[in-house]
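The values are calculated or read from the model by the stated rules, or taken from the named source; none is laboratory data. All values derive from a computational prediction rather than experimental measurement. Heads up, the Cβs are rebuilt from the backbone with ideal geometry, glycines too, and the neighbour counts pull from every protein chain shown. Ligands, DNA and RNA are excluded from the accessible area calculation, which covers all protein heavy atoms including side chains. Shrake-Rupley method; radii C 1.70, N 1.55, O 1.52, S 1.80 Å.
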Amino acid sequence: MKHRFQIRLIVFSLLLFPELAFAHGFAGSGWLHPLTGIDHMCAMVAVGAWSAQIGGKAIWRVPAAFVTAMLIGGIIGFEHFILPATEYGIVFSVFLLGIAIASECRFGVLLASLGVGIFGLCHGYAHGVEMPTQDNKFSYAIGFIITTAGLHLVGAIGGLLLLEEPKGRKTLRLLGACCTLVGVYLFYKLVR
């Protein structure tokens, strides 16, 4: 019953996104970047799923920490400052978030937020560095923030729905293990 209220709250929040997007000139291609790689998609959906698994205030605080740090990373990337090992940070985000879900790791909200914040910084940096030069930085950032928040919501809603099913915990853990395997594959591709 408690999860149904959270799901309704999340769905209601989704209804607000189109107005927010158009109000800020959501014309940049930043919205597309998080959807162009399995690394970004897995990590962002996993953040939402893990926050659902932790429960309570983590359901919004953990994804909010990711998005906030991602914006900071995007700004660093826009300015082309060097942030070393970001590709490794992105790959490890997929791997470690998968492990966290597979093992039902229940860190406190602060520690979980700090962890995903580091990952968000790396993902945001990649978004910022790869911004096409003709795009407006503001609309590009709004785009990747909205898409990322949407992917977090997909993970959170999916996680909450799974947790209500009789074998949902096992299914969610299996999906976490799959995410970990994607992280192993990405690491292999990165180092070869």
Net charge of neighbours whose Cβ lies under 15 Å from the Cβ of Phe66, counting Lys and Arg as +1 and Asp and Glu as -1
+1
Largest first, how would Leu96, Leu174 line up by accessible area (1.4 Å probe)?
Leu174, Leu96
Distance in nm between label sites at Val191 and Arg169, each 7 Å beyond Cα in the beta-carbon direction?
3.4
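If you average the sequence gap of Cα pairs under 8 Å that are 6 or more apart and divide by the length of the range 28-160, what percent do you get for the contact order? Spell out each step's value before the answer.
Values: 229 pairs, mean separation 66.0, N = 133.
Averaging sequence separation for qualifying contacts and normalising by length gives 50 percent for the range 28-160.
List the GluC sites (Glu not before Pro) within the range 62-108 that fall in a DSSP loop (any state other than H, G, I, E or B) and whose Cβ has at most 16 other Cβ atoms within 10 Å.
Numbers: sites: Glu79, Glu87, Glu104; in loops: Glu79, Glu104.
Sparse-neighbourhood loop GluC sites (Glu not before Pro): Glu79, Glu104.
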What accessible surface, in Å², does a 1.4 Å probe find on Phe187, ignoring ligands, DNA and RNA and rounding to the nearest 10?
80
For Val109, the net charge from surrounding residues (Cβ-Cβ under 13 Å; K, R +1; D, E -1) works out to +3
Whole-Hz couplings from phi, Karplus 6.51/-1.76/1.60, listed for the range 46-52; x for Gly and Pro
5, 4, x, 5, 5, 5, 5
